[in-house]
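Right, one structure below, let's go through it.
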Amino acid sequence: MTDKAETETEDKMPLLEHLVELRTRLMYAAGGFLAAFLVCFYFANPMFDFLVEPLAGIWEGEADRRMIYTALHEKFFTNIKVAFFAAAFISFPIIAGQIWMFVAPGLYKNEKSAFLPFLIATPLLFLMGASLVYYFVMPVAWQFFASFQSLGAEGALPIELLPKVGEYLSLVMRLIFAFGISFELPVLMTLLARVGIVNSEGLKKKRRYAIVAAFAAAAILTPPDPLSQISLAIPIILLYEISIISARMIEKKREKQNAEEDAE
């Protein structure tokens, strides 16, 4: 009876230790996010001004231009959203680091070398997508939308653009997330290739469908001007080609390892 109790205790301890470790990592991750959120909330207005710069650029020299909010709480919650999105990005290295520290002890050396590059590549690729939409797509898209203003003919009312801060932030963040997540395509495809769900030959055969899907996604996610849609579709296609190359590299490495094991 005593031996049985001791065996059950030994079986339960690793699980309890893992749960305690998980709680610790979650607390550190949440603490890092909270600290980043408080700092970002303090600087929410400058960060929002940074997001507005593409719109301010097309209105440069027009002193009467402004943004509005129609609900008393709208600007406050807009600042919270800005701080939340900024804190999520800034604290990602901390969160990813805690994830790594939790799972790394249970990985083999080759698994660690395979997993770590994805943690590094994910924020870099997202930043590349966000930079593309901010510096190239948004100025063109905002110019396109602003072109629908009208001074009003005789007997007609003028039509003026007065963007709301909440709606503007929602549109900007939708575009940033659309481009940022689209740029994660190589990471996703490489992971799928590593676990054997996809392979380079299969990706090559589905290339034509991927091109159609890229333009369809661009048409849905971007403003309805051709330049914005092409600006998203072409990078997705290029990233798909990079995914094929990455999958082929993984296959060659796997073939080499299998050959070495057979030789032994």
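Please work out if Tyr28 is surrounded by 11 or more Cβ atoms within 10 Å (Cβ to Cβ) and either at pLDDT 95 or above or in the same structural domain as Leu171 (by TED's automatic domain parsing) (or both).
So Tyr28 does not fit the description; no.
Please go through region 167-191 and pick out each residue that is more than 14 Å from Tyr134 (Cβ to Cβ) and either modelled with pLDDT of 85 or more or of a type in the set (A, V, I, L, M, F, W, C) (or both).
Within region 167-191, Glu167, Ser170, Ile181, Ser182, Glu184, Leu185, Pro186, Val187, Leu188, Met189, Leu191 meet the criteria.
I need the full set of residues from region 110-128 which are modelled with pLDDT of 70 or more and exposed (fewer than 13 other Cβ atoms within 10 Å of the Cβ), in order please.
Once the filter is applied, which keeps residues that are modelled with pLDDT of 70 or more and exposed (fewer than 13 other Cβ atoms within 10 Å of the Cβ), region 110-128 yields Pro117, Ile120, Leu124.
Please identify the pairs in which a residue from region 127-156 that is farther than 26 Å from Pro235 by Cα has its Cβ atom under 9 Å from the Cβ atom of a residue that is among the small types (Gly, Ala, Ser) and not in a loop (DSSP other than H, G, I, E, B), counting only partners at least 6 apart or on another chain.
Ala156/Ser150
Let's see how each residue does on (1) of a type outside the set (A, V, I, L, M, F, W, C); (2) part of a helix (DSSP H, G or I); (3) under 17 Å from Ser246 (Cβ atoms):
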position	(1), (2), (3)
Leu191	no, yes, yes
Ile197	no, no, yes
Glu201	yes, yes, yes
Ala217	no, yes, no
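Do we find a residue being assigned by TED's automatic domain parsing to the domain that holds Met249 and modelled with pLDDT of 80 or more anywhere in region 220-227?
Yes, region 220-227 contains at least one residue that is assigned by TED's automatic domain parsing to the domain that holds Met249 and modelled with pLDDT of 80 or more.
Any residue at all in region 36-57 that is part of a loop (DSSP other than H, G, I, E, B), closer than 30 Å to Phe145 by Cβ, modelled with pLDDT under 95 and more than 23 Å from the chain's Cα centre (by Cα)?
No.
Give the residue, chosen from Arg254, Arg248, Arg194, that is modelled with pLDDT of 85 or more and more than 27 Å from Ala146 (Cβ to Cβ).
Just one listed residue meets the conditions, Arg248.
Report yes if Ser231 is in contact (Cβ under 8 Å) with a residue 40 or more places away in the chain, among the small types (Gly, Ala, Ser) and over 13 Å from Pro186 (Cβ atoms), otherwise no.
yes
Hey, can you tell me all the residues within region 196-244 that are of a type in the set (Gly, Ala, Ser) and more than 16 Å from Phe136 (Cβ to Cβ)?
Gly196, Ser200, Gly202, Ala210, Ala213, Ala214, Ala216, Ala217, Ala219, Ser243
The values are calculated or read from the model by the stated rules, or taken from the named source; none is laboratory data. Just so it is clear, the structure is predicted and the values come from calculations on it, not from any experiment. A quick note on method: Cβ atoms are made from the backbone with ideal geometry, for glycine too, and the neighbour counts reach across all protein chains shown.
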